[in-house]
């Protein structure tokens with residue numbers, strides 16, 4: 001079934017976010033959970049189990065500490081079964097209603113039990129799932145929920161491997177909610193049940209198709225009135241439609257309505273992320289049975305070889321980052337406050353696009369992107385390898401359906417991704433299955449390009465021809481090669497692909513506590529070694545961006561990565577268990593120099609930043625001073641003495657050579673000037689020629 005079909009040649013889609021359950025009675029199951037990190041019987045005594053809150057993961061510490069593998073933990077952290085238990089105090093008033101249980105994310109395989117009886121299983125760590133409990137509840141205050149969650153690797157569920165910790169747990173929200181017997185169905189892959197598509201968009205109007213899945217839980221036919229309306233940002237109704245329908249007994253039925261929005265205000269990325277709202281209501285006479293309200297953005301997306309990425313028919317620069325859903329000491333069990341912090345940091349650096357690596361991420365975070373105008377690349381977790389079995393293929397397609405149906409209504413999502421860095425064996429042998437996945441994605445949603453990220457650049461890599469467009473992962477100057485190789489890499493892979501490509505990953509590692517003086521470009525870094533100086537990461541990013549910023553062979557660039565993240569098997573940069581390629585530290589407390597380099601290039605808000613500020617004490621009395629700024633000129637002062645005003649190079653770097661430092665403390669001040677503002681920054685460097693490097 002094509003839930004997002006479109007008659008235009010390019011992707012045209014009215015997008016929505018996860019519904020606000022206005023007429024539904026909802027309880028968030030946050031507290032009251034008991035937890036056991038081992039296997040147990042379904043009816044095991046819970047008196048000695050640990051009290052926890054959801055979201056929760058059991059790998060928040062051992063999944064990031066880099067401890068060596070043991071017989072008990074061959075992955076270096078616990079990957080196995082665990083149990084959660086919670087009493088369900090379901091109100092007696094819900095007896096006349098339908099009751100549903102929805103999990104937004106559990107990792108990896110989950111078996112759900114109510115009052116000792118299994119009600120379902122979900123296989124996959126990143127998609128939501130929903131079960132109906134109505135006929136299985138006792139409604140007497142003694143209902144008990146138990147969930148067995150297992151994050152051990154299984155051969156039919158992606159990801160099978162990857163350069164990230166697979167955290168176990170109920171790590172996203174869980175909700176219990178009640179609806180009328182007739183409702184908008186929450187059971188279609190736990191998706192909203194309302195799907196909106198623009199058949200056409202012009203300056204004068206947009207014709208919106210509203211497709212609603214209606215569910216009748218009664219044993220008799222149910223005549224209802226279905227009313228859909230669209231409101232503008234101010235709450236004014238701009239269009240509405242209503243239709244009477246009789247639902248067959250104990251059945252679901254899809255209803256299609258068409259609405260026309262006059263003079264549509266387009267969702268236009270970070271420039272103008274305008275959102276309407278769409279509401280579907282189900283009535284029986286004057287009784288409102290169910291209501292679902294969703295934000296709605298109207299926009300088009302397309303990729304062309306001539307003009308790159310187009311948003312609403314106009315070129316739109318895609319420069320941004322990769323993001324893992326993970327934070328120090330919290331793993332994947334992030335709060336809304338954590339998501340807010342991440343989004344704010346990404347927006348502040350000036351990014352216009354985020355690749356959700358390497359899996360679908362939280363509904364809350366995607367809502368933030370809708371509201372803020374951030375473009376998203378979202379992908380299923382086929383990382384490094386697959387399996388050529390019907391079971392694996394079936395599960396991968398299920399994860400693809402979940403991703404498209406659950407998140408396909410977000411205006412922020414512009415690309416569906418199928419895989420990341422499949423090695424040559426799996427990439428080539430899995431080509432037929434990848435072709436089927438691509439066809440399924442287009443069948444379900446003809447409005448978005450299908451993409452993949454690869455590090456393969458051989459004519460023998462048949463999987464390169466599968467997606468509509470490819471992203472390429474390369475780290476010249478870090479994993480071999482030279483920092484000046486990026487231009488040639490892009491040209492070669494683009495030629496092989498026959499069209500523009502994205503740089504879907506690039507960058508270098510940095511321990512912000514490690515530093516080096518002198519000519520950074522002469523340094524030969526061992527990526528897996530103990531020395532990851534911050535200055536070398538900045539040097540790599542400067543050279544990368546110089547070669548990518550105006551490159552006509554690119555349609556997008558994605559830094560690897562926005563934040564340092566846990567990879568329990570790694571041991572490098574003197575920080576075990578960490579991939580330190582982030583622009584921001586694992587705990588989000590330190591913005592590395594490279595963060596401010598990109599802010600100077602991407603964010604138009606005037607700023608000035610002195611680079612290498614943490615390199616103190618210093619041994620060399622003569623040094624270069626670099627400042628990142630988007631100001632027109634910057635003046636440098638050292639110990640109160642002006643060293644003159646400099647102009648930027650093309651990547652907003654200001655330089656002063658052969659700056660002499662005095663023994664002891666040195667006050668370094670940089671003042672940037674625009675037509676209307678003066679932006680200052682300062683730091684202190686200590687010169688101690690006897691200091692330990």
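Every number in this text was worked out from the coordinates using simple rules, so none of it is lab data. Values in this document were obtained by computation on a predicted structure and should not be read as measured data. Here Cβ is always computed from backbone atoms with ideal geometry, including for glycine, and neighbour counts include all displayed protein chains.
If one computes the Cα centroid of the stretch 508-538 and of the stretch 118-158, what distance in Å separates the two points?
46 Å
Using the number of other C-beta atoms within 10 angstrom as an exposure proxy, rank 207, 452 with the fewest first.
Numbers: 207 18, 452 27.
Going from least to most buried by this count: 207, 452.
In nm, to one decimal, how far is the residue 468 label point from the residue 237 one, both placed 7 Å along Cα→Cβ?
For the pair residue 468/residue 237, the computed spacing is 3.6 nm.
Taking N as the number of residues in the chain, what is its Cα Rg relative to 2.2 N^0.38 Å? Please report the intermediate quantities before stating the final value.
Details: Rg = 26.9 Å, N = 693, 2.2 N^0.38 = 26.4 Å.
Taking the Cα Rg and dividing by 2.2 N^0.38 Å, one obtains 1.02.
Between the stretch 578-593 and the stretch 251-307, how many Å separate their Cα centres?
Here the answer is 38 Å between Cα centres.
What is the spin-label model distance, in nm, from residue 314 to residue 89 if the labels are put 7 Å beyond Cα along the C-beta direction?
5.4 nm
Ranked highest first by average number of other Cβ atoms within 10 Å, how do 657-664, 310-317 line up?
On the way: 657-664: 12.2, 310-317: 16.8.
Ranking the peptides 657-664, 310-317 by packing returns 310-317, 657-664.
Take the Cβ-Cβ distance between residue 96 and residue 26 as r, set R0 to 25 Å, and report the resulting FRET efficiency rounded to the nearest 0.05. List each step's numbers first, then the result.
Details: r = 17 Å, r/R0 = 0.67.
Approximately 0.90, to the nearest 0.05.
With axes computed from alpha carbons, what is the tilt in degrees of helix 390-407 against the longest principal axis of the chain, rounded to the nearest 10 within 0 to 90?
Compared with the principal axis, the helix lies near 90 degrees.
How big is the gap, in Å, between the Cα center of the stretch 221-249 and the Cα center of the stretch 412-477?
39 Å
What is the ratio of the Cα radius of gyration of the stretch 186-300 to 2.2 N^0.38 Å, with N the residue count, to two decimals?
Details: Rg = 15.2 Å, N = 115, 2.2 N^0.38 = 13.4 Å.
Normalised Cα radius of gyration, the stretch 186-300: 1.14.
Antiparallel as a % of all DSSP beta bridges within the stretch 186-300, to the nearest 5?
Numbers: 47 of 47 bridges.
Counting only bridges with both partners in the stretch 186-300, antiparallel ones make up about 100 percent.
Give me Rg over Rh for the stretch 622-687, both radii from the alpha carbons and Rh done the Kirkwood way, two decimal places.
0.97
Starting from the Cα coordinates of the stretch 25-177, work out the convex hull volume and express it per residue in Å³. Write down the numbers at each step before the final one.
Values: hull volume 17.2 nm³, N = 153.
Hull volume over Cα atoms, normalised by residue count, gives 113 Å³.
Along its three principal axes, how long is the stretch 77-146 when you only count alpha carbons? Whole Å, largest extent first please.
For the stretch 77-146, the Cα extents along the three principal axes come out at 44, 20, 16 Å.
How do 184, 450 line up, fewest other C-beta atoms within 10 Å first?
Fewest to most other Cβ atoms nearby, the residues stand as 450, 184.
For a footprinting-style exposure proxy, rank 516, 403 by other Cβ within 10 Å, fewest first. Don't skip to the answer; put the middle values down first.
Values: 516 17, 403 26.
Listing 516, 403 from fewest to most nearby Cβ atoms yields 516, 403.
Pairing the Cα long axis of helix 431-444 with the longest principal axis of the chain, what angle in degrees results, from 0 to 90 and rounded to the nearest 10?
60 degrees
Counting helices only, and only those DSSP H runs with n ≥ 4, report the 222 nm mean residue ellipticity of the chain as the sum of -39,500 (n - 2.57) divided by its residues, in deg cm²/dmol to the nearest 500.
Working: 8 runs with 99 residues, N = 693.
Estimated from H runs of four or more residues: -4500 deg cm²/dmol.
Sticking with the crude label model, points 7 Å out along Cα→Cβ, report the distance from residue 491 to residue 531 in nm, one decimal please.
Each label point is offset 7 Å from its Cα along the Cβ direction, giving 3.3 nm.
Taking Cα atoms, how many degrees apart are the long axis of helix 336-349 and the longest axis of the chain, rounded to 10 and kept between 0 and 90?
Value to nearest ten degrees: 40.
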